[in-house]
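None of the figures in this text is laboratory data; all of them are computed from the coordinates on show. Everything numeric here is computed off the predicted structure, so don't read it as measured data. No Cβ is skipped: glycine too gets one built from the backbone with ideal geometry, and neighbour counts run over all protein chains shown.
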Amino acid sequence: MIGGALHAPYSRSISDGDQAYFAAENRRAEAIASLEKANPKLGVWLTLPVETNGLQDNALSVIESMLRDHVTLAGVNVMTMDFGAPIASGQYGTIVTSAVSACQNQLQTLGMNAALGITMLIGTNDESDETFLLSDAQTVASFARAQPNIKRLAFWEVSRDNGSCGSAPADLDDDNCSSVSQGNWAFSQIFESN
């Protein structure tokens, strides 16, 4: 039960592990509320995972615990990667914008008007069927420009913003390159133009 209503659209029993999780979640929210009260200029952002259909119950629960403790969230940064389902080449950007749109609707339902951030994993992801291309970056950047509440575009990680490894790295999630055909800093240039 959260705020007197079932959090999920189904009923389930709460195990000891769930109770410990909720207790830790509440302690975190209380601590952040105390920090915010002591530091009125503090801007609290949450970085949360998102699925193709938006924030999942665990992420919504984190937000709800913050709201319950009167934390004023400056923003929610969604990690749009590792969706766990195959994504056709060139469709990743559309999947990201759909997930972010769903997240925006969920936040509005919670009565929030917080800023949004979007963080992508550029190039090949640790899933072999998830590759974020330069065209996907263009799609996300164009979407973000049209959305006044999107205040942050980021990607994981700057050392990957080059095509030096070619298109068949030994490690899909190589720290040294995107593993897609690109010039140096090509993703940065797309997002900086936003």
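Extension gain, Asn176-Gln56: 0.36 nm per intervening residue step, less the Cα-Cα distance, totals 40.1 nm. Here the Karplus curve 6.51 cos²θ - 1.76 cosθ + 1.60, taken at θ = phi - 60°, turns the phi angles of region 37-42 into couplings of 5, 6, 9, x, 8, 5 Hz, with x standing for Gly and Pro. Residues whose amide H falls under 5 Å from that of Leu116, counting only those 5 or more places apart or on a different chain, are Val76, Ile150, Lys151, Arg152, with hydrogens built in the peptide plane. Counted over the chain with a bin width of 10 Å, the fraction of Cα pairs per bin, in whole percents, is 9, 32, 30, 21, 8, 0. Under 19 Å from the 7 Å Cα→Cβ point of Asn26, by amide nitrogen: which residues of region 37-68? What the label zone holds, given the 19 Å backbone N cut-off, is 58-68. Peptides 94-102, 31-39, ordered by how many other C-beta atoms sit within 10 Å of their residues on average, highest first, read 94-102, 31-39. Summarising the amide proton neighbourhood of Val50: residues at separation of 5 or more, or on other chains, whose placed amide H is nearer than 5 Å comprise Met79, Met81.
Our summary gives the chain a relative contact order of 17 percent, counting only alpha carbon pairs under 8 angstrom and 6 or more residues apart. Note down the net charge around Ser89, summing +1 for each Lys or Arg and -1 for each Asp or Glu among other residues with Cβ under 11 Å from its Cβ. Result for the neighbourhood of Ser89: -3.
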